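Notes for the one structure printed next.
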Amino acid sequence: MIAQRSTLRRRTVLGGLGLAAVTLPWLRSIPSANAADYPTRFVVFFSPNEPIDEGYWKPGADFALTEVMQALVPFKQKLVLIGNMSMHTRDLDKFGGGHVGIGHLLTGEINIPYGTANYEFWAGGISVDQFIASELGVQPLTLAACPGGNNGNSRISYAGANQPVHPIEDPQKAFDSVLGDYTLPPDELAAMRAQRKIVLDSVAGQLGSLQGKLGRDDRQKLEMHLDSVRELEQGLAGGTLSCNPTAPAGGFDYESNADYPITSRRHMDVLAQALACDVTRVASIQLGNTGGGNLTPQWPDFGVDINIDEHNIAHAYNQSATATDIARREAVERFYYEQFAYFLGKLDSIDEGGESLLDHTLVLWTKPIGYNHSGDKLLFILAGGANGALQTGRYLERANEPHNNLLVTCCNLMGLDHVESFGDPSICTGATSV
């Protein structure tokens, strides 16, 4: 359950009008050259299995990162590591095996089974990315590289209980969906923008007609969305668009194991441009699925070459691990930290009024399970400055605190101060202090 002041959601209002709200945010143009004018963005970055044990991630003195996390050293002053949180909803969920936590991860709710197999479930509530996007009045971008199926083990984003959001798996399709218009010839783009302005004028008129029929709180929510629509209109009319995205290079198979690292990075390239062009402000990028059983890390160009799937590598480490088992597990985890560092580097390389896109973004790094495939000893990483709202370069010990609290914190850092609870209200105790 999510505490909110408003009882009428933007999507409910627009749905009642018969309007396709999800088509509107893709029309945004980039803000002006002053850093203060750039919006705060939110991104979830997901990778499989647990983050090994805390010896591999708990920083040393002066926030010194571990050897496995060395790829993140260039960004360590833009990180907050939060250690040893717990997924308390796992204790209430009697269905499935160790990996059902993926459904709890961003929702803070127990799962809803639709079959008897361990993976036959969907999450029991809205995920934090979709919730934040709905509150901000934007369309979230949901991406995944090799999620390996269509079930609870391969989905992290939910529009509501039993409502998985199926990600875009092809980076080229993702680019065409959100940035393809920007590659049109100038005359075609101008005509399209003119047509869209007509649509926006109609939307604004219909929304405006509702204002006198609503209570104070609902009217405030509607006014927020009207402001968003007017911002779109001004961007289209003012000719401020200066976004010149580059389509992802071809020559790879987004469905293949061999090209999985390339697919992941092409998605990151598209996502960074989508955020920079302000066609979305909320996104999730999912690498693999909860266990990575469909991924064999034979990627020598990326520093790892193991002929065993990631799920078995993780279980070998968790059992009577040999030196070889340990080395394999370390190599896989190092690979994912390098992927995360690549994404942070993309964001940090984009200038926004003397600061970087990363400075204006809140990135939540997460994995679906805790130590030894449990719901305990979870690691989360917050990256970026959230437009000055987050004090970075720190480690925070949050032993046994419900991870629901961190979901509240993410909402608050995104300006949703009215959110006091997220997911199961019997577990959530409010925002975790950052």
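The values are calculated or read from the model by the stated rules, or taken from the named source; none is laboratory data. All values reported here derive from a predicted model rather than from experimental measurement. Methodologically, a virtual Cβ is constructed for each residue, glycine included, from the backbone with ideal geometry; neighbour enumeration extends over all protein chains shown.
Selection over the stretch 243-264 of residues that are over 15 Å from the mean Cα position of the chain (by Cα) and buried (at least 19 other Cβ atoms within 10 Å of the Cβ) gives a count of 7. The single residue among D417, D351, D376 that is of a type in the set (D, E) and within 23 Å of A274 (Cβ to Cβ) turns out to be D351. Considering only residues in the stretch 165-191 that are at pLDDT 95 or above and touching a Ser or Thr at 6+ places or on another chain (Cβ under 7 Å), the one that is farthest from A272 (Cα to Cα) turns out to be V165.
For the stretch 68-95, the candidate set comprises residues that are at pLDDT 95 or above and of a type in the set (D, E, K, R); within that set, the residue that is nearest to the chain's Cα centre (by Cα) is K78. Looking only at residues of the stretch 35-50 that are more than 20 Å from Y336 (Cα to Cα) and hydroxyl-bearing (S, T, Y), we find that the one that is modelled with the lowest pLDDT is Y38. Counting the residues of the stretch 114-153 that are more than 21 Å from L416 (Cα to Cα) and among the small types (G, A, S) gives 9. Residue check: T280 meets all listed conditions (1) closer than 22 Å to M69 by Cβ; (2) within 21 Å of the chain's Cα centre (by Cα) but one, namely (1). Pairing residues of the stretch 96-107 that are modelled with pLDDT under 90 with residues that are surrounded by fewer than 24 Cβ atoms within 10 Å (Cβ to Cβ), at Cβ distances under 6 Å and at least 6 apart in sequence or on separate chains, gives G96/N118; G97/N118; G98/H373. Within the stretch 364-387, the residues that satisfy the criterion of being closer than 16 Å to V73 by Cα and in a strand (DSSP E or B) are W365, I381, L382, A383.
Determine the pairs where a residue that is surrounded by 17 or more Cβ atoms within 10 Å (Cβ to Cβ), located within the stretch 316-339, has a partner that is modelled with pLDDT under 95 and not basic (K, R) with Cβ atoms under 6 Å apart, the partner being 6 or more residues away or on another chain. From the stretch 316-339, the pairs are N318/N372; D325/A316; D325/Y317; R329/Y317; E333/I52.
Might you let me know whether the stretch 323-341 holds any residue that is touching a helix residue (DSSP H, G or I) at 6+ places or on another chain (Cβ under 7 Å) and at pLDDT below 95? Looking through the stretch 323-341, none of the residues is touching a helix residue (DSSP H, G or I) at 6+ places or on another chain (Cβ under 7 Å) and at pLDDT below 95.
The residues of the stretch 57-75 that are surrounded by fewer than 19 Cβ atoms within 10 Å (Cβ to Cβ) and not in a loop (DSSP other than H, G, I, E, B), listed by number, are A61, D62, F63, E67, Q70, V73, P74. Looking only at residues in the stretch 37-56 that are charged (D, E, K, R) and assigned to a loop (DSSP other than H, G, I, E, B), the one that is surrounded by the fewest Cβ atoms within 10 Å (Cβ to Cβ) is D53. Restricting attention to the stretch 119-151 and to residues that are crowded, with 24+ Cβ neighbours inside 10 Å and assigned to a helix (DSSP H, G or I), the residue that is nearest to the chain's Cα centre (by Cα) turns out to be D129.
One residue stands out in the stretch 152-173 among those that are touching a Pro at 6+ places or on another chain (Cβ under 6 Å) and not in a helix (DSSP H, G or I): the one that is nearest to Q139 (Cα to Cα), namely Y158. Of all residues in the stretch 391-413, those that are farther than 15 Å from G108 by Cβ and touching a residue at least 24 places away in the same chain (Cβ under 8 Å) have Cβ atoms under 7 Å from Cβ atoms of residues that are outside any strand (DSSP E or B) and among the aromatic types (F, W, Y), 6 or more apart or on another chain, in G393/F63; R394/F63; Y395/F63. Take the stretch 247-272 and flag every residue that is modelled with pLDDT under 95 and touching a Pro at 6+ places or on another chain (Cβ under 7 Å). Across the stretch 247-272, the qualifying residue is only P248. Pairs meeting the criteria (first residue in the stretch 154-167 and buried (at least 20 other Cβ atoms within 10 Å of the Cβ), second residue of a type in the set (K, R), beta carbons under 6 Å, at least 6 apart or on different chains) are P164/R155.
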